[in-house]
Amino acid sequence: MTIVDESHALCGWMWQSRDMAARDGDGWIQCQCGSKHWGKFGAAGILIFRDSADGKREIFLQHRAPWVHNGDTWGIPGGARDSHETVTEAALREAFEETGIKSEHLKPLALFSDDHGDWRYDTVLASAAPEMSADSPNDESQEMRWVAVNEVTLLGLHPSFAKTWSDLRQVLNNLVAPL
Ligand SMILES: [Zn+2]
């Protein structure tokens, strides 16, 4: 039996839809690190986690379609941030667009920045409410699933996610899922 406490799902994280024409972050940046990155104002992703009934921590990963940049790899929902968006707004928007996960089922708890100077990728770490569902993947996702934290590196990871995963894992270890 699962006891569902909805209190943390209702604590005011609202996301408002907006006109697609307002998207101004799409584009490549030539970064001083030598790579090109997607997102003129940086990019944001969301690392969603939960604790399973037997106490194992799991994260929500997306298997990206073969035809997208760095395709056929596992990573977190994310994408270019628009100039008028906060990091959290961008991360919640991407989660909804790519997977159908609603922002009211996510509780952002921490932020990790991978700062390259010219560009940065911000990851919002958010816990999932028990009723969270990802029921409308877009065509960039071929599969989505919960993966135990200690099994993440068994998957073929997106190169950027692979690079930051050990740092993200440390932040994650210090977070207590709200109940
Ligand atoms: Zn860079």
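Can you tell me which condition D115 does not meet? The list is (1) without any contact (Cβ under 8 Å) to a residue 40 or more places away in the chain; (2) acidic (D, E); (3) crowded, with 22+ Cβ neighbours inside 10 Å, and all the others hold.
Going through the list (1) without any contact (Cβ under 8 Å) to a residue 40 or more places away in the chain; (2) acidic (D, E); (3) crowded, with 22+ Cβ neighbours inside 10 Å, D115 breaks only (3).
I'd like the full set of residues that are within 11 Å of V147 (Cβ to Cβ) and not hydrophobic (A, V, I, L, M, F, W, C), limited to the stretch 53-74.
K56, R57, E58, Q62, H63
Only one of E94, E98, E89 is among the charged types (D, E, K, R) and farther than 19 Å from K40 by Cα. Can you tell me which?
Working: E94 fails: farther than 19 Å from K40 by Cα; E89 fails: farther than 19 Å from K40 by Cα.
Every option except E98 fails the conditions.
Return the residues of the stretch 50-82 that are hydrophobic (A, V, I, L, M, F, W, C) and surrounded by fewer than 21 Cβ atoms within 10 Å (Cβ to Cβ); say none if nothing qualifies.
Once the filter is applied, which keeps residues that are hydrophobic (A, V, I, L, M, F, W, C) and surrounded by fewer than 21 Cβ atoms within 10 Å (Cβ to Cβ), the stretch 50-82 yields A53, A65, W67, V68, W74.
For the stretch 19-59, name all the residues that are in contact with a strand residue (DSSP E or B) (Cβ under 6 Å, 6 or more places away or on another chain), within 11 Å of the ligand (Cβ to nearest atom) and over 26 Å from A134 (Cβ atoms).
I29, Q30, C31, K36
Taking the residues in the stretch 113-143 that are more than 16 Å from the ligand (Cβ to nearest atom) and assigned to a strand (DSSP E or B) as candidates, determine which candidate is modelled with the lowest pLDDT.
S141
Answer yes if at least one residue in the stretch 144-167 is under 20 Å from T73 (Cβ atoms), basic (K, R) and part of a helix (DSSP H, G or I), and no otherwise.
Within the stretch 144-167, the first condition is being under 20 Å from T73 (Cβ atoms), and the residues that meet it are 144-167.
So of that shortlist, the ones also basic (K, R) come out as 145, 163.
With part of a helix (DSSP H, G or I) added as a condition, the list becomes 163.
Within the stretch 144-167, one or more residues are under 20 Å from T73 (Cβ atoms), basic (K, R) and part of a helix (DSSP H, G or I).
Does the stretch 88-105 contain any residue that is more than 17 Å from the chain's Cα centre (by Cα) and away from the ligand (no atom under 16 Å from the Cβ)?
Scanning the stretch 88-105, I find no residue that is more than 17 Å from the chain's Cα centre (by Cα) and away from the ligand (no atom under 16 Å from the Cβ), so the answer is no.
Determine, yes or no, whether A134 is of a type in the set (A, V, I, L, M, F, W, C) and within 20 Å of E89 (Cβ to Cβ).
yes
The values are calculated or read from the model by the stated rules, or taken from the named source; none is laboratory data. Note that the structure is predicted; figures quoted are calculated from it, not measured. Every residue, glycine as well, gets a Cβ built from its backbone with ideal geometry; the counts of neighbours run over all protein chains shown.
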